[in-house]
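Participant: Quick one: this structure, given as structure tokens, is what I'll be asking you about.
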Amino acid sequence: MGNVMAYSGLTTKIRAMQAKLLTQADYETISGFTDVVQVVEFLKTKPAYAVYMDQLELAHLHRGDIEKMLYQSLYNDYTRIFRFAGIDQKKFLKIYWKKYEVSVINYCLRIVFNHYDKPYDLDYKKEFFDKYSKLSIDKLITSTNIDELVDNLRGSEYYEALKPIRDSGAATLFDYDQALELYYFTNYWRRGRKVFSGKSRERFSRDVGIKMDLMNIQWVYRAKQYYRMLPAEIYALTLPYHFHLSTEEFKAIVEAPNVEEMKKQIENTYYGTHVHMKEGQSIEKGIKDILRDLYISDRQKDPYSDATMHAFLFLKEQEIDKLTTALECIRYGLTRQEILTYLGGESK
């Protein structure tokens, strides 16, 4: 009863926010648009986005401007959840926020590696980072090269994670990305388990364990598909945790001679039998579907718990990703069916 009471107010708030998530019918409508102005006008009719879309000047509209407003909606939803959260829930949300910090650092890494002329556009994040983060947006945007960027992270937990990469003298953007992801997931796992207890701790451990399995699978796939990396190199880049994957199964996946053989090895694991990846489906799409089903199932089984919070944050972030993808597809003139293929299923 105590746990139900602790989450009742927050669950009620999240349910109201959840009702504003887009539906499959909304995505089907968006997929038929031929320019981004139509998307903006459509989102003006949606409660979760209307106030942000109204701020845009349609005469000077850029896709990046729309994306900023989408993330404003995400950060404001996070703020609403944080406001209604209890002490332990706030502890978790502070840990969760670190994924947004990693995203900003990744953005800054791309700026310094690619030497953009007009590099930083982070003002729209500043209000939220000043409130929830120890990272200084003002300091990060002064970085003109990788040395300065890493030095500007001094005093944060990310400095110790990236300094050895920088000091190696020959690191690529991929090396930095991987170091950040490894650091984030390892600490998310360790810190999150300390926040929860009982059934919530079991659920968190299972959900994150599955996610880490899936992230490892995705990283192995990318290493083979895009970088032609050898098994010894791949092992060094994966998380040292397995949940539903045995050591032998993971070894077979990593040491598969090619991507097709890797997929066959996946079919022999929990993720190929219990949670089937559809025929012809990309690994990335399969992973998103598995996680979506997992979070929704958790929410349905235990609605007055942290499961509702986890599910909403995941679905909201997926919604932002889908809308960003739709804008990109429309920009390149893809057909309605092609856009729908990229967007996949509904949010809620």
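The values are calculated or read from the model by the stated rules, or taken from the named source; none is laboratory data. Given the structure is predicted, the values throughout are model-derived calculations rather than measurements. Note that each Cβ is placed from the backbone with ideal geometry, even for glycine, and that neighbours are counted across all protein chains shown. Heads up: the accessible areas ignore ligands, DNA and RNA and are worked out on the full protein's heavy atoms, side chains in. Shrake-Rupley method; radii C 1.70, N 1.55, O 1.52, S 1.80 Å.
Participant: Going through the stretch 247-265 one residue at a time, which ones are acidic (Asp, Glu) and assigned to a helix (DSSP H, G or I)?
Facilitator: Result: Glu248, Glu249, Glu260, Glu261.
Participant: Mind checking which residues of the stretch 44-67 are surrounded by 13 or more Cβ atoms within 10 Å (Cβ to Cβ) and touching a residue at least 24 places away in the same chain (Cβ under 8 Å)?
Facilitator: Within the stretch 44-67, Lys46, Ala48, Tyr49, Leu61, Arg63, Ile66, Glu67 qualify.
Participant: Can you tell me which residue within the stretch 128-144, out of those that are in a loop (DSSP other than H, G, I, E, B) and of a type in the set (A, V, I, L, M), is modelled with the lowest pLDDT?
Facilitator: Once the filter is applied, the top-ranked residue is Ile141.
Participant: So which residues in the stretch 249-274 are of a type in the set (S, T, N, Q) and surrounded by 17 or more Cβ atoms within 10 Å (Cβ to Cβ), if there are any at all?
Facilitator: Gln265, Thr269
Participant: Before we move on, is Lys46 among the basic types (Lys, Arg), more than 17 Å from Glu328 (Cα to Cα) and in a helix (DSSP H, G or I)?
Facilitator: On the way: among the basic types (Lys, Arg): yes; more than 17 Å from Glu328 (Cα to Cα): yes; in a helix (DSSP H, G or I): no.
When the stated conditions are applied, Lys46 does not pass them.
Participant: Taking the condition in contact with a Lys or Arg (Cβ under 9 Å, 6 or more places away or on another chain), β-branched (Val, Ile, Thr) and in contact (Cβ under 8 Å) with a residue 12 or more places away in the chain, does Ile266 pass?
Facilitator: The answer is no for Ile266.
Participant: Looking only at the stretch 147-164, which residues are touching a residue at least 12 places away in the same chain (Cβ under 8 Å), open to solvent by less than 40 Å² (accessible area, probe 1.4 Å) and part of a helix (DSSP H, G or I)?
Facilitator: Leu149, Val150, Tyr158, Ala161, Leu162
Participant: Restricting the search to the stretch 1-17, which residues are modelled with pLDDT of 90 or more and either open to solvent by 40 Å² or more (accessible area, probe 1.4 Å) or hydrophobic (A, V, I, L, M, F, W, C) (or both)? Quick ask: steps written out before the conclusion?
Facilitator: We begin by selecting, within the stretch 1-17, every residue modelled with pLDDT of 90 or more; these are 10-17.
Leu10, Thr12, Lys13, Ile14, Arg15, Ala16, Met17 - these are the residues of the stretch 1-17 that are modelled with pLDDT of 90 or more and either open to solvent by 40 Å² or more (accessible area, probe 1.4 Å) or hydrophobic (A, V, I, L, M, F, W, C) (or both).
Participant: Here is a further query. Give the residue, chosen from Lys163, Lys199, Lys139, that is closer than 21 Å to His242 by Cα and over 22 Å from the mean Cα position of the chain (by Cα).
Facilitator: Lys199
Participant: Quick check: anything in the stretch 213-229 more than 17 Å from the chain's Cα centre (by Cα), crowded, with 18+ Cβ neighbours inside 10 Å, not in a helix (DSSP H, G or I) and not charged (D, E, K, R)?
Facilitator: Checked the stretch 213-229: at least one residue is more than 17 Å from the chain's Cα centre (by Cα), crowded, with 18+ Cβ neighbours inside 10 Å, not in a helix (DSSP H, G or I) and not charged (D, E, K, R).
Participant: Output the residue which, of all residues in the stretch 110-127 that are within 15 Å of Thr144 (Cα to Cα) and open to solvent by 50 Å² or more (accessible area, probe 1.4 Å), is modelled with the lowest pLDDT.
Facilitator: Filtering the stretch 110-127 for residues that are within 15 Å of Thr144 (Cα to Cα) and open to solvent by 50 Å² or more (accessible area, probe 1.4 Å), the one modelled with the lowest pLDDT comes out as Lys118.
Participant: Out of everything in the stretch 68-84 that is over 30 Å from Arg336 (Cβ atoms) and touching a Leu at 6+ places or on another chain (Cβ under 6 Å), what residue ends up being most open to solvent (accessible area, probe 1.4 Å)?
Facilitator: Among residues in the stretch 68-84 that are over 30 Å from Arg336 (Cβ atoms) and touching a Leu at 6+ places or on another chain (Cβ under 6 Å), the one most open to solvent (accessible area, probe 1.4 Å) is Phe84.
Participant: Among (1) in contact with a Phe, Trp or Tyr (Cβ under 8 Å, 6 or more places away or on another chain); (2) open to solvent by less than 70 Å² (accessible area, probe 1.4 Å), which single condition is Ser246 missing?
Facilitator: Here Ser246 clears every test but (1).
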